[in-house]
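The values are calculated or read from the model by the stated rules, or taken from the named source; none is laboratory data. Owing to the predicted nature of the structure, the values given are computational and were not obtained by experimental measurement. With ideal geometry, Cβ positions are generated from the backbone for all residues, glycine too; neighbour counts draw on all protein chains shown. Just so you know, the surface numbers come from the protein's heavy atoms only, side chains and all, with ligands and any DNA or RNA stripped out. Shrake-Rupley method; radii C 1.70, N 1.55, O 1.52, S 1.80 Å.
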Amino acid sequence: MVPDSIKNVIEREAQAIMAIPVGNEYGQAVSLIVRHVHELGGKLVTSGMGKAGQIAMNMATTFSSTGTPAIFLHPSEAQHGDLGILQKNDLFLLVSNSGKTREILELAELASKLDPEMKFIVVTGNTDSPLANMADVLIGTGNPDEVCPLGLAPTTSTTVMNVIGDILVTETMKAIGFTVEEYNKRHHGGYLGQRSKQLL
């Protein structure tokens, strides 16, 4: 028998996913990504701190493997020279549950000084935050309560962030007409490489 507490976690996380606000912001974000990366030759730069940073890193690797060049920029390392990775027409995707993370706010400010035309897609649970106010496209998570018994550890918040990342990736794949052939060129090793070969 599955303990009720385990079922409760699954139910609460599923409810949080279903409660993610969905509006025109997703189409706007995809349009920005297609414009900057696929038309203007820039790249998608993701960033976040802590657990949100791990989500941002996963977004970058998934975008890259599906035809949209992306990198993860650590907000602290950016202040020690890594900001130099930025080039003309790059686009930021920033992830912060609170929208108040000091390192992310500083990164956005530094990037804006380096390139005043820099655009920002922001994923946050706090749509009335300093980071949200800097967004060109704002994507809210719905700010769900964490399933952590203490209500502190990022759990439900990171689940919905992952789902939002998957939405952006899959919608971008559709927008650029990404094919199995192109996937195989980028991911020819391992099980997925073999699977993609079988679909050719």
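Note on D115 and E181: with the Förster distance fixed at 35 Å, the Cβ-Cβ geometry gives a FRET efficiency of about 0.55. Only helices enter the 222 nm calculation for the chain: every DSSP H run of n ≥ 4 contributes -39,500 (n - 2.57), and dividing by all residues gives -14500 deg cm²/dmol, rounded to 500. Structural descriptor for the stretch 1-144: relative contact order 23 percent, calculated from alpha carbon pairs under 8 angstrom and at least 6 residues apart. Ranking M18, M173, M161, M57 by solvent-accessible area of protein heavy atoms (1.4 Å probe, all protein chains present), from largest to smallest, gives M18, M57, M173, M161.
List every DSSP H helix in the chain whose Cα atoms extend 15 Å or more along the helix's own long axis and whose mean Kyte-Doolittle hydropathy is at least 0.0. TM-like helix candidates: 51-65, 102-114, 156-176. Can you check what the net charge comes to around L152, using other residues whose Cβ is under 14 Å from the Cβ of L152 (Lys, Arg +1; Asp, Glu -1)? Here the count lands on -1.
From largest to smallest, the equivalent ellipsoid semi-axes obtained for the stretch 99-154 from the alpha-carbon gyration tensor read 26, 12, 7 Å. Remark: the chain carries a charge dipole of roughly 520 debye about the Cα centre, counting +1 on each Lys and Arg Cβ and -1 on each Asp and Glu Cβ. For K43, a cut-off of 26 angstrom between C-alpha atoms picks up these lysines, skipping any fewer than 8 places away in its own chain: K51, K88, K100, K113, K119, K174, K185. Structural descriptor for the stretch 100-170: relative contact order 21 percent, calculated from alpha carbon pairs under 8 angstrom and at least 6 residues apart. Could you bin all the Cα-Cα distances of the stretch 18-135 into 10 Å bins starting at 0 and give me the percent of pairs in each, rounded to whole numbers? Over the stretch 18-135, the share of Cα pairs per 10 Å bin runs 14, 49, 34, 3, 0 percent. Summing charges over all other residues whose Cβ lies under 14 Å from the Cβ of M59, with Lys and Arg as +1 and Asp and Glu as -1, gives 0.
Rolling a 1.4 Å probe across all protein chains gives S98 an accessible area of roughly 50 Å². Label separation (N24 vs D82): 3.6 nm, computed from points 7 Å beyond Cα along the C-beta direction.
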